[in-house]
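Have a look at the structure below, then the notes.
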Amino acid sequence: MRPEDVRRVAMFSVHTSPLEQPGTGDAGGMNVYVAEVAKQLASRDHEVEIFTRATSAALPPSAELVPGVTVHHVPAGPFEGLAKNDLPGQLCAFSAEVMRAGAARPEGWFDLVHSHYWLSGLSGWLAADRWQVPLVHSMHTMALVKNASLAEGDTPEPYGRELGEAQVVAAADRLIANTSDEATALVELYGAGPHQVDVVPPGVDLDVFGPGADPTAAQQRDRAALGLPAAARVLLFVGRIQPLKAPDLLVRAAREILDRHPDWQQPGQLVLAVVGGPSGTGLEHPESLAQLTTGLGLADQVRFVPPAARGELARWYRAADLVAVPSYNESFGLVAVEALASGTPVVAAAVGGLPTAVGSAGVLVPSHAVADWADALERLLLDPLRREVLSRRAVRHAAGFSWAATTDRLLEVYAAASRRHHPAGNVHNRAPNAVTWPPSHDISARASGYSTSGGGPAWPRLAE
Ligand code: UDP
């Protein structure tokens, strides 16, 4: 086998399983990403084994996602009741189990490790070392980036995560960034080598998310199916309910729009649908969005919908006049592209990967001021012609994203990683994991404007 012939991929998704319903708790875009890429790899005769922490005694040790893709539920710590922030303490147990699973296979079984999120990166690093294969890592989100743009009052990501991410960056053969913005953050904030990072845009399932042959008829049909008034102005939020995603901003903007148009207050005139469940720091006050809604007198206008499976979600996107993505940060924003693929214009915050995801097919709002959001949404609600133009542009723009294209690019990265990992028969050339103190520059302060060095140790500069 040539080094670049990567056939068996071990994927690490420690904190959340691709079998979980996205849109609540720890399950979101990364779960969709891992599942879709794994399916694509299997359709090209690759074997994918996904290692994720077992979160219930009822789970089988392994389950087949599709032929060629196996999800292993790795026992590590108590099944239930662990928060994501508790998981660093379980990484040793998790990795030990994965090592055992690897030892039960013939030598040289896996060709490559692809880890997702920093927790997986730490475990994948060990596995790649043991199996002497390349480590390809996708961050999905980064603490330094998140901490630099927190919602007011939101809790920052811990220093241990920032440090762990920097160590994974140093250990990985290749880093996958969703956008060039993310690549820049990896280089400038985490000290990644510019040639270590590959930009690979995520995809969208164009078979599931589409406008329908007759978009107007499809919208009416879907509204009827979802119990939405046929003539209402429908705003849609899809995603995990937490301060980072700013659904509260939309509720406040809806209030302002209704204050500007008191006649829209009548039943069936304006609906804001919020599809998803609580997550992250949103779990600390899961009732707060509903309380805000009631407090602002919007109980009749705002509809809360539990996390929806793909088919139902496609209906919601088509049923809406506008999909809003007001997040404080998104490494990409799959929801935006899914909405565009469905022919629904998107109003998104101009942060992170959203300008790439939305392109010129939507409207970007440069702030998180309620008045700016009310302006942007109101303007489009009053302008059906503009919405139609954006809708056509949206479908064209989204057609440029597909999981097949994502996987093509990933396979190129896998091949390059594999080639570089076996230079002249020298199988193992991973950088040492020693850290050098003190740091040559304080990357955390540069990233976020807040300093972690005040009470804690200086940032370690990782050995090249
Ligand atoms: N999602 C879903 N059902 C829901 C809400 C969200 O399947 O009720 C999916 C959505 O389709 C998207 C993903 O969750 O694919 C969210 O990804 P995104 O990149 O927008 O945000 P993330 O969760 O990664 O922060």
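The values are calculated or read from the model by the stated rules, or taken from the named source; none is laboratory data. Just so you know, these numbers come straight off a predicted model, no measurement behind them. When we count neighbours, we look across all protein chains shown, and the Cβ atoms used for this are built from the backbone with ideal geometry, even at glycine.
I need the full set of residues from segment 314-332 which are in contact (Cβ under 8 Å) with a residue 40 or more places away in the chain, touching a helix residue (DSSP H, G or I) at 6+ places or on another chain (Cβ under 7 Å) and near the ligand (Cβ under 10 Å from one of its atoms), in order please. Hits for segment 314-332 are 316, 317, 325, 327, 329, 331, 332.
From the set of residues in segment 138-167 that are among the hydrophobic types (A, V, I, L, M, F, W, C) and over 18 Å from the mean Cα position of the chain (by Cα), which is surrounded by the most Cβ atoms within 10 Å (Cβ to Cβ)?
If we take residues in segment 138-167 being among the hydrophobic types (A, V, I, L, M, F, W, C) and over 18 Å from the mean Cα position of the chain (by Cα), then 166 is surrounded by the most Cβ atoms within 10 Å (Cβ to Cβ).
Answer yes or no: is there a residue in segment 326-338 that is in contact with a strand residue (DSSP E or B) (Cβ under 8 Å, 6 or more places away or on another chain) and of a type in the set (Ser, Thr, Tyr). Scanning segment 326-338, I find at least one residue that is in contact with a strand residue (DSSP E or B) (Cβ under 8 Å, 6 or more places away or on another chain) and of a type in the set (Ser, Thr, Tyr), so the answer is yes.
Can residue 346 be described as within 16 Å of the ligand (Cβ to nearest atom) and without any contact (Cβ under 8 Å) to a residue 60 or more places away in the chain? The answer is yes for residue 346. Of the candidates 37, 66, the single residue that is in contact with a helix residue (DSSP H, G or I) (Cβ under 7 Å, 6 or more places away or on another chain) and either of a type in the set (Asp, Glu) or surrounded by 23 or more Cβ atoms within 10 Å (Cβ to Cβ) (or both) is 37.
Listed by first and then second residue, the pairs with beta-carbon distance under 9 Å, at least 6 apart or on different chains, first residue in segment 293-311 and within 18 Å of residue 342 (Cβ to Cβ), second surrounded by fewer than 14 Cβ atoms within 10 Å (Cβ to Cβ) and hydroxyl-bearing (Ser, Thr, Tyr), form an empty list. The residues of segment 146-182 that are more than 29 Å from residue 407 (Cβ to Cβ) and not in a loop (DSSP other than H, G, I, E, B), listed by number, are 147, 148, 159, 160, 162, 163. Of all residues in segment 264-313, those satisfying the criterion of being on the phi > 0 side of the Ramachandran plot and within 14 Å of the ligand (Cβ to nearest atom) are 276, 280.
If you check residue 391 against the conditions, is it away from the ligand (no atom under 16 Å from the Cβ), modelled with pLDDT under 95 and of a type outside the set (Asp, Glu)? Against the criterion (away from the ligand (no atom under 16 Å from the Cβ), modelled with pLDDT under 95 and of a type outside the set (Asp, Glu)), residue 391 does not qualify.
Set side by side, the residues 428, 368 differ, and just one is outside any helix (DSSP H, G or I), at pLDDT 95 or above and away from the ligand (no atom under 16 Å from the Cβ), which is 368. Tell me, yes or no, whether segment 183-197 has at least one residue that is within 16 Å of the ligand (Cβ to nearest atom), at pLDDT 95 or above and assigned to a loop (DSSP other than H, G, I, E, B). For segment 183-197, residues within 16 Å of the ligand (Cβ to nearest atom), at pLDDT 95 or above and assigned to a loop (DSSP other than H, G, I, E, B): absent.
Quick check, is residue 24 closer than 27 Å to residue 338 by Cα, hydroxyl-bearing (Ser, Thr, Tyr) and free of Cβ contacts under 8 Å to residues at least 40 places away in the same chain? No, not satisfied. Inspection of segment 343-355 identifies no residue that is closer than 30 Å to residue 231 by Cβ and surrounded by fewer than 17 Cβ atoms within 10 Å (Cβ to Cβ). Set side by side, the residues 399, 339 differ, and just one is among the hydrophobic types (A, V, I, L, M, F, W, C) and more than 10 Å from the ligand (Cβ to nearest atom), which is 399. Might you let me know whether segment 95-102 holds any residue that is of a type in the set (Val, Ile, Thr) and over 30 Å from residue 352 (Cβ atoms)? Yes, some residue in segment 95-102 is of a type in the set (Val, Ile, Thr) and over 30 Å from residue 352 (Cβ atoms). Take the conditions (1) free of Cβ contacts under 8 Å to residues at least 60 places away in the same chain; (2) under 18 Å from the mean Cα position of the chain (by Cα); residue 266 misses just one of them, which is (2).
For the residues 263, 198, 207, 214, the requirement of being of a type in the set (D, E, K, R), over 26 Å from residue 309 (Cβ atoms), out of contact with any helix residue (DSSP H, G or I) (no Cβ under 7 Å at 6 or more places or on another chain) and surrounded by fewer than 19 Cβ atoms within 10 Å (Cβ to Cβ) singles out 263. Do you know which residues across segment 87-145 are of a type outside the set (Gly, Ala, Ser), free of Cβ contacts under 8 Å to residues at least 12 places away in the same chain and in a helix (DSSP H, G or I)? Those that are of a type outside the set (Gly, Ala, Ser), free of Cβ contacts under 8 Å to residues at least 12 places away in the same chain and in a helix (DSSP H, G or I): 92, 100.
With respect to the stated conditions, residue 89 is of a type in the set (Gly, Ala, Ser) and in contact with a Gly (Cβ under 9 Å, 6 or more places away or on another chain).
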